[in-house]
Amino acid sequence: FLMLKTPSVVVGQTKTEILTMGKYIEEMFGTLDNIYVNNEFITEEKVAQMRKIEDDLDLFQKEITDANFVILNKNITDKMKMDTRNNLEVCDEYETISDYLARVSNGLRRLKADDIHLTDIKKETLQKLNNMVFDFFDDINKAYDTNNKELFIVSIKKYTAIKNLYKEARNEHFANEATNNDI
């Protein structure tokens, strides 16, 4: 809160902290990728590790939000207001991504606990989705870091491909469920 006397420092430090959040998210993606690549079940230790990262990112978000809302109420330039709002939005999205990744790890844990085995095709689809979403996130994170608007635009095409693969996998799952109980 000492930095609040210099809002420009808060804006810059916030971006640094959000990029650190990005590194933690990359670690979460990597944990899931290792599970898919090695064709193994997730361990309780990995679930706990994912939960710990997600909890840490919750704290990042709270601290960033608290500090940035204070400077939004100060007399700052329009550009600083825009940068602050952008930082808050990215911070919120990153925290949401960590929530989803933690949910995926919990879902994988439940599959193990219920002794449910996925078919090779479903495992490949999960791995492909994880890799596609990671590539999308990586582009967004790089674009945020470098203020590269073109990279944001290019990444939208990746989003569309992810959405289409997800819908295809979901529809195939429901079609299979209607004909049998094979997961």
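All of the numbers you see were taken from the coordinates with simple rules; none came from a lab. No experiment lies behind these values; they were computed from the predicted model shown. Note: ideal-geometry Cβ built from the backbone for every residue, glycine included; neighbour counts use all protein chains shown.
Quick notes
- The alpha carbon centroids of segment 117-176 and segment 1-76 are separated by 21 Å.
- For the chain, adding -39500 (n - 2.57) for each run of n ≥ 4 DSSP H residues and dividing by the number of residues yields -30500 deg cm²/dmol at 222 nm.
- Across the chain, counting alpha-carbon atoms alone, Rg and Dmax equal 19.3, 64 Å.
- Neighbourhood charge, 12 Å Cβ-Cβ cut-off, centred on residue 38 and excluding it, Lys, Arg +1 and Asp, Glu -1: 0
- In order through segment 67-77: 3J(HN,Hα) via Karplus (6.51 cos²θ - 1.76 cosθ + 1.60), integer Hz, x for Gly, Pro: 5, 6, 5, 5, 6, 5, 8, 8, 7, 10, 5
- Gained length - residue 175 relative to residue 41, 0.36 nm times residue gap less alpha-carbon distance: 45.7 nm
- 0 to 90° range, to nearest 10: angle between helix 7-37 axis and the chain longest Cα axis: 10
- Net charge, residue 49 excluded, C-beta distance under 13 Å - Lys, Arg +1, Asp, Glu -1: -2
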